[in-house]
């Protein structure tokens, strides 16, 4: 299923899914490292490491499996945290070679809302201030991750 509501190249990227879980359960899926490793990424390449410092200004970092000496992932800082309702955080992609050479993309912003809806939770994500080149990849990445959430929780509607 395609969870992307925005048109390709549109600003912001909007992804939405209605899942069989309550907001508290879904919030944990987005903030607990062991839970994040179950759904974040494109199968079969889910993240292998997740670090979460869930506080305003706290950092997060998700790392994907390494291709030889190269490693990549995403990282940022939390801007707003309303338990079971909302997460807002900065976002940038990083790549490292043998832990020495490091490249990061420009910073963008993500906002995720968890809204109780019937027998489930509506998860709405907006990703803003993206560079032009990676837009389509970021949108398909989020849509794939929402598909993994569907596998874990099922769709509510």
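Which fully enclosed strands (runs of 3 or more DSSP E) of segment 44-149 have 3 or more residues being in contact (Cβ under 8 Å) with a residue 12 or more places away in the chain?
49-52, 59-63, 70-82, 86-97, 108-117, 120-128
Working only within segment 52-93, note down all residues that are under 18 Å from residue 38 (Cα atoms) and in contact with a helix residue (DSSP H, G or I) (Cβ under 7 Å, 6 or more places away or on another chain).
Result: 52, 62.
Restricting to segment 15-31, give me the number of residues that are out of contact with any strand residue (DSSP E or B) (no Cβ under 7 Å at 6 or more places or on another chain) and either part of a loop (DSSP other than H, G, I, E, B) or within 22 Å of residue 109 (Cα to Cα) (or both).
Count: 2.
Taking segment 130-140 only, how many residues are surrounded by fewer than 18 Cβ atoms within 10 Å (Cβ to Cβ) and at pLDDT below 75?
Within segment 130-140, residues that are surrounded by fewer than 18 Cβ atoms within 10 Å (Cβ to Cβ) and at pLDDT below 75 number 6.
Only one of (1) under 19 Å from residue 147 (Cα atoms); (2) within 13 Å of the chain's Cα centre (by Cα); (3) buried (at least 18 other Cβ atoms within 10 Å of the Cβ) fails for residue 91. Which number is that?
With respect to (1) under 19 Å from residue 147 (Cα atoms); (2) within 13 Å of the chain's Cα centre (by Cα); (3) buried (at least 18 other Cβ atoms within 10 Å of the Cβ), residue 91 is out only on (1).
The values are calculated or read from the model by the stated rules, or taken from the named source; none is laboratory data. Values in this document were obtained by computation on a predicted structure and should not be read as measured data. Virtual Cβ from ideal backbone geometry, glycine too; neighbours counted across all protein chains shown.
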